[in-house]
Every structure is written in structure tokens, then in C-alpha cells.
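Below: the structure, in C-alpha cells.
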Amino acid sequence: RISCATSLKLEIVLVKMGKAVKKRSHIRHDGITGNPELYEETSDESFSAVQDSVIQSIFDQLQSPKTEDRDCGANALATLPQGKNDALMLIKSGIVKACAPLLLDKNAAVRHSATGALRNLSTVGGEDACKLMVGEDVLTPLLAFLKKFSKVWTHAKTEHSAAENKSEKVDSSNEQFVEAVTLLWNLCESSTLAVSICDQEDVIDVLKCFLDVEKYGKSSVIAVGNLLLTLSEDNEHAVEKLKSVDTGIMNILSMNISGEASLNPRDLLIRILAAGITHNLCNGDLSLLPDNVQALVGESIKLALHENVFDSMSVLLNLIEGNSLEGMEEEADRDKHIDSVFESIDFHLSAQSSALILLANLCCSNGSEDWEDVTSEDESEVVNGKDESMPKTIAEDICALPGAILGVFRQDSSSGSHVLQLVLNKTIPIPENLIRTNNGKYAKRWKSLVLRIKSLRCDAFFCLGNLVPLLSVQDFGGVDNLFQAWCDLNQMLFQTNEASTQSDLAEAAVNTVRSITEKLKEVSPKSFEKLSEQDVRILCTAVFSCPDPSIVACMVRILSCVGVSVAGSPNEPLTENRGNIIKMIGSCLLQVITTDGQLWIVAEALDAIYDIFAEDHVDTVGNEIALLQVLKSVVEPLKQKVHKEKKNLGEHAAIVMTAKLNLNRFIKYKIAKK
């Protein structure tokens, strides 16, 4: 059976002057060893390859009066789907309605097998499969199963007692319980209907007692913690239910944080889940909590991010290749040890992903829900194409990290343990020697780790993008280090083609680059004068190599920040290097304006032109790139295109209409100044 674990993601994209303000809610992705993306990539053959007779045979077994047949059918179903399409077609065949009643079977083995089969369908099939399963009424027997058997589960053997006596096995009822709760978590992560049903059925009252590590073991607490974190997100009903167990959550949050116990990956994950639930219980505003609670949350995040997973993967690779197996003559011992290292890395990745998401949430709490999309009817005051009504740094106007948490983050920063450096470390690409390797029978599990590292990097970039505006330049180690971080990220993204080949990663990373660019523009705009023409050329090339329009728009904003910074004030003579940088950026933007088919991207580029060339001292550069001639040539086509697409502009209406309005004004202003 394949276990599943936690990983959530938050993206905040805040843009000025009529640009949409988006908040992407948490979504489920990688499980501990159940990664939908992995199954999709390895399932090249269509489900039609599976004979109808095989599916019918499983149906017959699931509905058989014989216990052995039902158990066999459930186990066969667990191994049948090899990809998302397989899972979806199985669900559409009605197999869930045949298997779900077995959750209440009289035989424990059948119940266990049925739970594993359904959980596997939800993992392999992902969000679409989970929604279909909810529609197939899987929740009725699942919730009845949890209510009935949770009353008699006392968990006679925890992981602790099993570890002390290796001849004993962990209580199988605990494994079954973890499977069931994980299945419910998958469903709730994918379906708001599932969350509503859980509220109606008071699932939290049923499960909240299982937050006792000593009584029920870490696996049960992790499974329940995942579910309660999801149920309590923006859910007042769940929050009120959970407030009755906040003492238990605090006990988890304040678990031993000294010595080796603090580095146990399961402990780290449990503490992060408790920290996330604590965040939900105060509606995202940790500043309402005592300083000691804030500090515990900050410490949990910091501890989770300390582990360098690449080091652990290197150790694991040596084990797989047989280079570090002294004293393990038996193959069973070798495999058991390798499994334990895989599991440890999996839990570390889950803890780190959850920590990054929690930190990203902390950076956008305290009022971010009050932001609304800017509409064309609600026009801002525009002066020379600039939106004067918006704050210099949008995130500054939303919140600041609570002081007690910042204090924890800044402890021992000289040793490289400042949370900023820890987050930056998670953006580093996985080393080539850990990607290009043949791991034999462990190949699929290894590939799952590699995919989870990529997902973790996305989480780190989203987190970093939210974190940057809230930190001081000193947190970066000074302006020079901040600029170096900007250069390193650009090199990582645009010289390795990551921005053009990995869209999810590129979106997160480019938004982070934009955050740092805006920070540099505020605190040290002259830093960009250090750029060479080759550096700028790489940025300009990236604009046309990214297939995603949202990434292109973000790149345009980055170029705008750089261009405005380099242009400087009218009192500063324009040096040759600065003039060349502006010339390259201006030419790039004009090419976007005249060639891009997306109207809102054209508007973004026009907005950037207005900002960069607003002052008269850069007119010489504008003349060199025929700025006014090009802008005049697009006035009428732009007018016609806006008229044609006006009703379909949606969230981009404000920026498009503002750019169109300012185009003639900008041209007339520049002509009058000649």
C-alpha cells in the first residue's frame, strides 16, 4: 500500500495599477509516496489495455459472499490504476460504489484492504478523482467507518513500543485508521462539498482526541493533523470545534525542541501541522497570540527548514548502490534500512513544504482578505502613467510579521540560520548527480523524491516572494548581498532555461525575482547600474522564451523596475552604460507592444514605457529606438483591438483601459517637449 502525506501550497500575487490581485488557496499535491504527477508520467498506455474481464472480475470479487474473495478484490483494485486516467475511468465504471461498503465489512482484513484501495484511487487520480468519489457517495460509509471504529480504537501498540521490540508489529488497526483519515483528507483537500459534509457530521469531534502522540502514535497524529489543518482553513465552524482542544495543540507545538528529538522528521512535521492549525485558530493573525506562542510557531518553521535534503539523498544513493552497507549481509536488512531512509526524507520534505506554506501565509495575513480586484469603474489617480494611490510596497501596507516570530528568525543569523537563508537554500536546483541515476527497483520511489524536490522549490519561491518585502536589507546581509541574490536567481532561471521549461516553477521564481527587484528599486536603485549588456540581454530574451502570459507580464514588470532604476533622476547625467541598458530594455518593450497578441501584455509593456521614459533626460535614448514613431503606429490598432475585446477583458480591464488612455497623452507630452 502507498502512504500519503501533506503538502499544501499558497500563492499570493499582488499587482498595482489595475492589475488583478489574486489569492490562490491551498491545494494538495505530492503525497509521501503517492505523487499523482509521478503516476501520470509513468502511465503511458491507456486504460483500454486493461481487459474488461479483469474489471468485471474485481466487481464480482468485491460483491462476493466469501471473505477471501472480497479481500482479494480490494487488493487487486489497489494495484490496478497506474495513472490518473486509469483511476478516473475506474471510478466512472462504478467501482467505488462496489468497494466503499466494504469499509464497514465484518472482517478487519477486508476493511483494511478496501480502505487502502480507495485511498490509492484518490492519490493516483488526484483532485478530479476525489471529486468524482465524493459524487459517488464514498463519504457515507467512510464517515460511518470512522465513527464506529474510532470508539474502540485504543491503539494498543504505538510506533514507540514496536521500535523497542522489533519482533512486534505496529497495530494493524492503526494502519487502517491512518489510511481512512488520509483518504478523507484527500477528499477534503479537493472538494468543498466534502468539507461541508464533514462539518455537518461533526468529524472534528470524532477525531480531535487522536492528537495524542503517546496514546495513538505519530502516524495517527500526522494523518489527523493533515485533515484538521485542511478543515480549519477559513472555516469558522471547524475553528470553534477545535478551540476546545487548543491545549492539546499547544502541547504538540511545544514538543521537545532540544537535542536529537528536534531533528526527528516526524516530530518536525507534527509540530508544523500544529503550528498551521494554531495559525488557522486565530484567523491568520498570530499577533493576537502571546509572544511565547508566536515564538513556538517561528521555532517550528525554522527547525523544519534546517535539514539539507540533498545530503540525505546522497546518503540514500550510496546505500542503494551498496557503498554504505557494512554489517548488513542480509538483503532484507538492507531493504529495510533503505526504506527507513526513504521514509525519513519523505517526512522531511513534507515538514519543509508545510513550513514554507505556513510562512508564506504569515506574510500575507492580517488584512489580505480585504483586498479586492480593481475594476475599470474604480479608477486610480494616474499621473504620467503611474498609480499614485498605491503604496510603495504593496505587502508593507498589508502586514508585517509578528515581532516575536521575527526575533526567532533572526537568532543566530551570523551562522547562516536566518530564516531567509534557509528559504533561499530550498530554491537551489537538485544536483545533476542526484537526478541522472539508475536506481533499479527503487527507481520509481527515487523519481518521486525528485518530483517532490521540484514541488518544494516552488513552495520556497512563493514563500520567498512573500517574505522579501517584509524583511530589512540587513536581513539580507546588506545591499550587496541582496543584489547578489537577485543575480544568482536570474542566472539560475534564465541561463538554465528553467523559466521556459517548467511553468509552475517559473511562475513562482519570476514573481520572487520581481519582489527582489522592487526591493532593490526602493533601497538601492543604483545597484542595477552594475548590470552588463549581457545581463540585460538575458532578461530581455527571457521575455520571449516564456510561453505563459502571466510570466511574460511579470518579466515586463521586472524590466520596468530595472529601467526606472537605471534612468535615475533628471539631475543625474545619463552615462553610456545606463543609456545602453535603457535602450535595450526600451527596444524589448517596443517589440512586445508590436508583436504580442495578448492585449493585457501590450498594456503592461506600455505602462513600463511610460514609467521608464517619463523624464526628459532619457529622450535621447527614446529617439535612438524611434520610441514616438513606434507608439504612434500602434495608437489606431490598439484602439480597434480594445473596442473589439472590451467585453472580454475581465480582470485586465483596468490596466488595458488606463494604458490606452495614457498612450495619446504620453505621445502629446513628448512632442510638446521637443
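The values are calculated or read from the model by the stated rules, or taken from the named source; none is laboratory data. Everything numeric here is computed off the predicted structure, so don't read it as measured data. FYI the Cβ positions are ideal-geometry reconstructions off the backbone, even for glycines, and counts take in every protein chain you see. For accessibility, only protein heavy atoms count, side chains too; no ligands or nucleic acids. Shrake-Rupley method; radii C 1.70, N 1.55, O 1.52, S 1.80 Å.
General remarks:
- Computed accessible area, Phe494, all protein chains, 1.4 angstrom probe, square angstrom: 30
- The packing ranking, built from the mean of other Cβ atoms within 10 Å per residue, places the peptides 234-240, 640-646, 580-586 in the order 580-586, 234-240, 640-646, highest first.
- Take Asp480: with every protein chain present and a 1.4 Å probe, its accessible area is about 110 Å².
- Shown here are the Rg and Dmax of the Cα trace of the range 518-651, at 14.9, 45 Å.
- Backbone geometry of the range 59-70 corresponds, through the Karplus equation with coefficients 6.51, -1.76 and 1.60 at θ = phi - 60°, to 3J(HN,Hα) couplings of 4, 4, 5, 4, 9, 6, x, 8, 4, 4, 5, 4 Hz, x marking Gly and Pro.
- For trypsin sites (Lys or Arg not before Pro), the sites in the range 83-126 that DSSP calls loop and that have at most 13 other Cβ atoms within 10 Å are Lys106.
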